[in-house]
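Taking it in order: structure first as structure tokens, then the write-up.
The values are calculated or read from the model by the stated rules, or taken from the named source; none is laboratory data. Keep in mind the model is a prediction, meaning the values are calculated, not measured. Here the Cβ is made from the backbone with ideal geometry for all residues, glycine too, and neighbour counts use every protein chain on show.
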Amino acid sequence: MAVHRGGFLVWWVLAATLLVLLNLPLTWSRSVKAGIRETLAPLHSLVSRVGFRVAEAADALRGLGGLAVENRALQEEILRLRAELRASQWAVRENEELRALVGFRTRTTYRLVAAEVIARDSTGWWQSLRLDRGRLDGLTPDLPVMTPDGLAGRTVEVSDHTADVLLISDPGCRVSVRLPRTDSFGVLRGSGVRWDGRVLCRVDFLNPGHAIRPGDEVVTSGLGGVFPPGLLIGHVESVQSDATGIHRRAIVLPSANLGAMRQAFVLLLTSNERSNTARP
Amino acid sequence: MKVVSIAILLLVAGLLQALLPAPARLGQPAWPILPTLVLYFACTRERPMALVVAVTAGVVQDALGLGPLGYSTAALATLVIAIRRYRGEVFESEAVTHVVLGALGAATVTLLTGFLLRANGHIEVPWGTMLVKTAGSAVLGAVLGPSVFWAASRFEQFLGLHWEVAP
């Protein structure tokens, strides 16, 4: 009888725990999640840094013979980039002068927060990663996250020292995009990761009258209030008709290497900058 | 000491699960370290303790993902209940058994969690992808099963805890 009572008690406690967990108010749920993330963040950070150092050391050992060649190539690259930078600075100055002449407001230079990737989604159901910067560094949900190569995603859950980023490869992440060559607009969403490890996205609702070609650049449109305009996302790989036949769909290869990200930059936007993202 | 050992093992499992990259060729499932650890405790502890571990592991797993709390807990608790029910018929301390248990356990947890998340609109994953992920999870569970059982039992032996299959 005592065993039966004990068994009943176990069932009752389990059911009650599940009910409480599933119906926890959002603020409490966030607090619990943030607490666990904050506890694990230093360990995640430590282990991932050690892993990076080991990987770097292995890369250095593997590439020891090619260092001189690589060094020469890098010096040439620096010279080329300096020349490009001078040309760009001149173009920016000229652009600002012209914009001032026609009365456009000056574009904002966004403040960037550099962060390291310390963990990835541990459930397997989201394309996400965790950064080692959080609320105390000025981060909030819905901020764009970049790599030097292009857009990576947006922040979704932020604790004091960590921020979770939903990558553009996740089917739940949607970005309003523009294809500058044809001035086409569409909505980008993630298509996950293919079996060969390639990360793909697709752009839906493209105008079938626009001659979109493989190789076309895809950038953020600035509509939607999260991403400012002009952030590079990737390039069109192929174009196809959608199921309805009314619109076209483009498969896009993201420029950012989402599968091997180690560092990222979060764009700190004020609410004013967010609301102005769609303006010229 | 027993509680401390469980806490350390859960912490390490949660840490590793969030760090190991999901293999793309298997549909990108997470390495099911926490589910396999829950299996270990389901096989070696009394039911109440195994369920406490399942609830704690579920909270840790959900906290490290983007979903709400409770889904992994429900899946892991179901796993413990199933294992406790059939453990007497299938479980022996053999590597092959651990491979089979690891595969079935990881697949069950992945499928249950995915189904619950999808049914409640938290993820947008096609059924085909979900099945591929479940199969991939089973492969990873089969690989992890013997390793996690071995590592956890060695750790408990190291701490001086007596490891045996609970009656």
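Odds and ends about this structure:
- A:ARG111 away from every other protein chain (no Cβ under 14 Å), within 30 Å of A:VAL156 (Cα to Cα), modelled with pLDDT of 80 or more and surrounded by 10 or more Cβ atoms within 10 Å (Cβ to Cβ): yes
- Counting residues in the stretch B:13-21 that are crowded, with 19+ Cβ neighbours inside 10 Å, more than 9 Å from chain A (Cβ to nearest Cβ) and assigned to a helix (DSSP H, G or I) gives one or more.
- The set of residues in the stretch B:136-146 being touching a residue at least 60 places away in the same chain (Cβ under 8 Å) and either in contact with a strand residue (DSSP E or B) (Cβ under 8 Å, 6 or more places away or on another chain) or of a type in the set (Gly, Ala, Ser) (or both) consists of B:GLY136, B:SER137, B:GLY141, B:GLY145.
- Of the residues A:LEU79, A:LEU14, A:LEU85, A:LEU18, the single one that is more than 27 Å from the chain's Cα centre (by Cα), of a type outside the set (Lys, Arg) and either more than 14 Å from chain B (Cβ to nearest Cβ) or not in a helix (DSSP H, G or I) (or both) is A:LEU79.
- Count - residues of the stretch A:238-262 that are under 18 Å from A:SER176 (Cα atoms) and not small (Gly, Ala, Ser): 9
- Checked against (1) more than 14 Å from chain B (Cβ to nearest Cβ); (2) of a type outside the set (A, V, I, L, M, F, W, C); (3) under 28 Å from A:THR140 (Cβ atoms), A:PRO208 meets all criteria but (3).
- Selection of the stretch A:178-190 for residues being over 14 Å from the mean Cα position of the chain (by Cα) and crowded, with 18+ Cβ neighbours inside 10 Å yields A:ARG178, A:LEU179, A:SER184, A:GLY186.
- Complete set of residues in the stretch A:168-183 that are over 13 Å from A:GLY222 (Cα atoms) and either in a strand (DSSP E or B) or within 9 Å of chain B (Cβ to nearest Cβ) (or both): A:ASP170, A:PRO171, A:GLY172
- Once the stretch B:1-20 is narrowed to residues that are farther than 23 Å from A:ARG49 by Cβ and among the small types (Gly, Ala, Ser), the residue that is modelled with the lowest pLDDT is B:SER5.
- Test: B:GLU94 is more than 12 Å from chain A (Cβ to nearest Cβ), surrounded by fewer than 24 Cβ atoms within 10 Å (Cβ to Cβ) and acidic (Asp, Glu): yes
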